1. Does residue 112 count as free of Cβ contacts under 8 Å to residues at least 60 places away in the same chain and outside any strand (DSSP E or B)?
2. Please work out which residue is nearest to residue 69 (Cα to Cα), limiting yourself to segment 450-470 and to residues that are in contact with a helix residue (DSSP H, G or I) (Cβ under 6 Å, 6 or more places away or on another chain) and modelled with pLDDT of 95 or more.
3. Those residues that are assigned to a loop (DSSP other than H, G, I, E, B) and either surrounded by 24 or more Cβ atoms within 10 Å (Cβ to Cβ) or touching a strand residue (DSSP E or B) at 6+ places or on another chain (Cβ under 7 Å) (or both), I need them from segment 376-392; list them, please.
4. Could you check segment 231-245 and list, in sequence order, the residues that are crowded, with 22+ Cβ neighbours inside 10 Å and in contact with a helix residue (DSSP H, G or I) (Cβ under 7 Å, 6 or more places away or on another chain)?
5. Check whether at least one residue in segment 427-438 is part of a helix (DSSP H, G or I) and under 25 Å from the mean Cα position of the chain (by Cα), and report yes or no.
6. Do we find that residue 165 is over 12 Å from the mean Cα position of the chain (by Cα), farther than 20 Å from residue 184 by Cβ and modelled with pLDDT under 95 in this structure?
7. Is it the case, given these coordinates, that residue 453 is closer than 30 Å to residue 113 by Cα and in a strand (DSSP E or B)?
8. Only one of these is at pLDDT 95 or above and surrounded by fewer than 18 Cβ atoms within 10 Å (Cβ to Cβ): 150, 128, 119, 155. Name it.
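The values are calculated or read from the model by the stated rules, or taken from the named source; none is laboratory data. Bear in mind the structure is a predicted one, so any value in this text is a computation, not a measurement. When we count neighbours, we look across all protein chains shown, and the Cβ atoms used for this are built from the backbone with ideal geometry, even at glycine.
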């Protein structure tokens with residue numbers, strides 16, 4: 001049945017370049033979104049101009065209506081590990097907190113409970129689509145995909161591959177041959193299982209090594225061979241890049257020293273032999289997303305832009321682990337697509353708009369001329385349409401262009417009193433255009449989970465899994 005949703009609508013229309021985003025911001029203070037029988041956007045515009053053919057359609061009211069958030073980097077097996085004190089930066093935190101946590105997912109009952117919890121947290125935070133760094137254990141991945149199908153959310157995931165690592169990660173490590181077999185099996189059983197078409201599926205699969213230090217040259221070569229065929233089926237590639245640069249013994253120094261390469265990116269680009277000599281197939285491309293890229297060399301950014309590889313920017317977790325600040329303008333000016341990721345559990349926020357808030361704060365604080373106050377439209381873009389672009393699904397969702405799937409959030413400001421106070425009583429410019437930007441900025445900065453009154457994918461409200469009995 002065709003339905004109409006009436007609210008103040010914000011979205012970034014079309015398919016803009018990063019430097020065009022402010023010009024594509026759409027604000028309709030008394031707007032109507034018409035969703036047809038197939039869950040597609042049939043029309044968006046002023047309520048007063050709603051075409052007669054939909055005048056009798058049922059109407060749902062809200063204060064605001066925005067596209068569903070897209071989380072381009074979140075760790076399912078770290079669902080219970082947010083705010084875990086690891087006594088140091090990335091590598092210490094992995095050893096002390098994360099490897100032991102992730103090892104629990106081998107237990108089917110624990111994994112099933114975690115999958116339900118993870119799905120509830122996503123729904124509460126309005127993340128209609130997510131690129132999910134998966135568990136090492138197939139039983140846990142199966143639970144995640146089943147919950148995704150039941151709920152109606154969109155998920156791209158892949159088992160976290162480790163073929164080498166410290167003693168703390170021993171339960172997560174497999175042989176290289178076993179690792180490739182498990183990835184291939186996951187692709188065969190789950191990729192686009194719901195529709196058979198990677199352009200429409202809600203469940204999709206990726207090739208996901210934890211990072212270059214968790215695999216070897218042999219593993220990377222085998223992954224390249226697997227991915228060379230799998231990419232023709234719409235399979236993704238996802239991992240971490242240039243996250244932590246602690247002087248002397250951080251992640252980046254360890255990767256460069258272990259492989260003898262010139263850049264971290266080379267290990268994913270098939271150039272993982274000493275001196276960055278070619279040793280296999282590239283893993284980069286339109287469905288490749290690399291998390292963090294905080295300390296990237298200019299040539300790495302240029303290569304990502306050239307190949308269509310996206311960055312999942314995770315400022316909240318970068319603050320938590322002391323990883324530094326990705327230089328915003330220098331990064332986006334290369335043409336690489338930058339979306340947002342929570343990076344739960346190093347990220348301690350499930351809500352992408354909270355990550356957008358941290359994004360604004362860290363980049364306005366960059367040193368000297370690099371400091372920049374991000375435009376409110378840039379923040380909305382990074383939280384929605386840029387994520388759809390990173391997932392190579394911009395044709396299907398991310399804004400309210402006619403014909404796209406109706407993935408959206410309904411927001412009721414009165415459900416969170418501080419948000420209501422800021423939006424209802426806050427000072428606004430007398431200039432209408434400036435007042436609109438101020439309102440969007442306040443909405444994104446002040447939004448909290450209780451104010452999300454409805455989460456919809458393809459025009460259908462998603463199904464929240466029940467709580468587990470104590």
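1. Values: free of Cβ contacts under 8 Å to residues at least 60 places away in the same chain: yes; outside any strand (DSSP E or B): yes.
Criteria met by residue 112.
2. Checked segment 450-470; the qualifying residue nearest to residue 69 (Cα to Cα) is 455.
3. 384, 391, listed by residue number.
4. Keep residues of segment 231-245 that are crowded, with 22+ Cβ neighbours inside 10 Å, which gives 235-244.
Those that are crowded, with 22+ Cβ neighbours inside 10 Å and in contact with a helix residue (DSSP H, G or I) (Cβ under 7 Å, 6 or more places away or on another chain): 235, 237, 241, 242, 243, 244.
5. Looking through segment 427-438, at least one residue is part of a helix (DSSP H, G or I) and under 25 Å from the mean Cα position of the chain (by Cα).
6. Details: over 12 Å from the mean Cα position of the chain (by Cα): yes; farther than 20 Å from residue 184 by Cβ: yes; modelled with pLDDT under 95: yes.
Yes.
7. The answer is yes for residue 453.
8. 150
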